[in-house]
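**Q** Provided herewith is a single structure, encoded as structure tokens, for subsequent inquiry.
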Amino acid sequence: MTQAYSKIVQPYVDALNEILNKTVTDSRLVTLELQRDNYEATVFLITRWETKEIRPLELRGGNWLHFRQQVVEDGERLNVLEARYIFSHSDDVDDEDRHVFRWEYTRKPPGGHVPFGHLHIYAGGLKHTHFPTRRLSLEQILWLVVSEFGVQPKDDHWYEILKDGHWDFLRRVRDSEDALLPFP
């Protein structure tokens with residue numbers, strides 16, 4: 001994978017970094033180019049990339065957010081194909097014993113049985129259960145980890161920052177029918 005630049009994707013990544021860096025982390029996201037056979041357009045991966053490997057975002061207080069989004073350009077718009085956020089007590093994405101929850105969104109669920117947006121809980125044997133949700137904003141995930149899981153915010157105005165960012169998210173997705181549906 002190599003770092004990539006897109007005039008459509010970069011402002012979005014900059015906005016994500018601004019929200020993250022004002023509220024819970026000093027880690028930075030970058031854009032990488034992916035090869036996906038089933039898309040004609042270039043697919044971009046947004047994640048933290050350091051020393052030629054994908055790394056999680058280091059959150060204040062010793063926890064981690066494994067962050068991945070796959071996006072494509074659609075004219076002058078950006079479409080999120082997939083998003084995955086894993087909140088964990090470990091920087092190892094494979095250390096599921098230390099994961100707390102995983103939220104995922106996919107524009108084209110496999111086989112029609114997986115909800116567009118869904119939550120996995122790593123407790124009580126529930127990690128394989130797809131709890132249907134609407135499409136969530138990154139700001140909602142960050143609110144959850146600060147409010148419920150003790151991640152220390154960087155700014156006393158973290159709530160207002162996240163709320164403003166969430167309203168921006170709602171304006172962008174309001175015309176997207178699949179953002180409102182809990183299942184395909």
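**Q** Output the residue which, of all residues in segment 64-101 that are assigned to a loop (DSSP other than H, G, I, E, B) and out of contact with any helix residue (DSSP H, G or I) (no Cβ under 7 Å at 6 or more places or on another chain), is nearest to Ala123 (Cα to Cα).
**A** So, considering only residues that are assigned to a loop (DSSP other than H, G, I, E, B) and out of contact with any helix residue (DSSP H, G or I) (no Cβ under 7 Å at 6 or more places or on another chain), the one nearest to Ala123 (Cα to Cα) is Asp95.
**Q** Can you tell me which residues in segment 4-15 are surrounded by 17 or more Cβ atoms within 10 Å (Cβ to Cβ) and either at pLDDT 95 or above or not in a loop (DSSP other than H, G, I, E, B) (or both)?
**A** Passing the criteria: Val9, Tyr12, Val13.
**Q** Continuing with the same structure: Identify the single condition in (1) of a type outside the set (Gly, Ala, Ser); (2) modelled with pLDDT of 95 or more; (3) touching an Asp or Glu at 6+ places or on another chain (Cβ under 7 Å) that His166 does not satisfy, given that it satisfies every other one.
**A** (2)
**Q** Could I ask something else about it? In this structure, does Gly125 turn out to be assigned to a loop (DSSP other than H, G, I, E, B), more than 15 Å from the chain's Cα centre (by Cα) and not basic (Lys, Arg)?
**A** It is true that Gly125 is assigned to a loop (DSSP other than H, G, I, E, B), more than 15 Å from the chain's Cα centre (by Cα) and not basic (Lys, Arg).
**Q** Residues in segment 16-59 that are aliphatic (A, V, I, L, M) and either at pLDDT below 90 or on the phi > 0 side of the Ramachandran plot (or both): how many?
**A** Number satisfying all stated conditions: 2.
**Q** Select, from Leu136, Leu144, the only residue that is assigned to a loop (DSSP other than H, G, I, E, B) and either within 16 Å of the chain's Cα centre (by Cα) or crowded, with 18+ Cβ neighbours inside 10 Å (or both).
**A** That would be Leu136, the only listed residue that is assigned to a loop (DSSP other than H, G, I, E, B) and either within 16 Å of the chain's Cα centre (by Cα) or crowded, with 18+ Cβ neighbours inside 10 Å (or both).
**Q** Given the criterion in contact with a Leu (Cβ under 8 Å, 6 or more places away or on another chain), farther than 20 Å from Tyr105 by Cβ, in contact (Cβ under 8 Å) with a residue 60 or more places away in the chain and not small (Gly, Ala, Ser), identify the matching residue among Thr23, Thr2.
**A** Thr23
**Q** Write out, first by first residue and then by second, each pair whose Cβ atoms fall under 9 Å of each other, whose residues are 6+ apart or on separate chains, and whose first residue, in segment 141-154, is among the polar types (S, T, N, Q) while the second is outside any helix (DSSP H, G or I).
**A** What qualifies is Gln152/Val24; Gln152/Leu59; Gln152/Arg60; Gln152/Gly61.
**Q** For segment 78-92, does any single residue satisfy the condition of being surrounded by 21 or more Cβ atoms within 10 Å (Cβ to Cβ), among the aromatic types (Phe, Trp, Tyr) and touching a residue at least 24 places away in the same chain (Cβ under 8 Å)?
**A** yes
**Q** Here's another thing I want to ask about it. Inspect segment 45-53 for any residue being within 16 Å of Arg107 (Cβ to Cβ) and either of a type in the set (Gly, Ala, Ser) or without any contact (Cβ under 8 Å) to a residue 60 or more places away in the chain (or both) and give the result as yes or no.
**A** Yes, segment 45-53 contains at least one residue that is within 16 Å of Arg107 (Cβ to Cβ) and either of a type in the set (Gly, Ala, Ser) or without any contact (Cβ under 8 Å) to a residue 60 or more places away in the chain (or both).
The values are calculated or read from the model by the stated rules, or taken from the named source; none is laboratory data. Here the structure is a predicted model, which means the values were calculated and not measured. Positions of Cβ are generated from backbone atoms using ideal geometry, with glycine treated the same way; all protein chains shown enter the neighbour counts.
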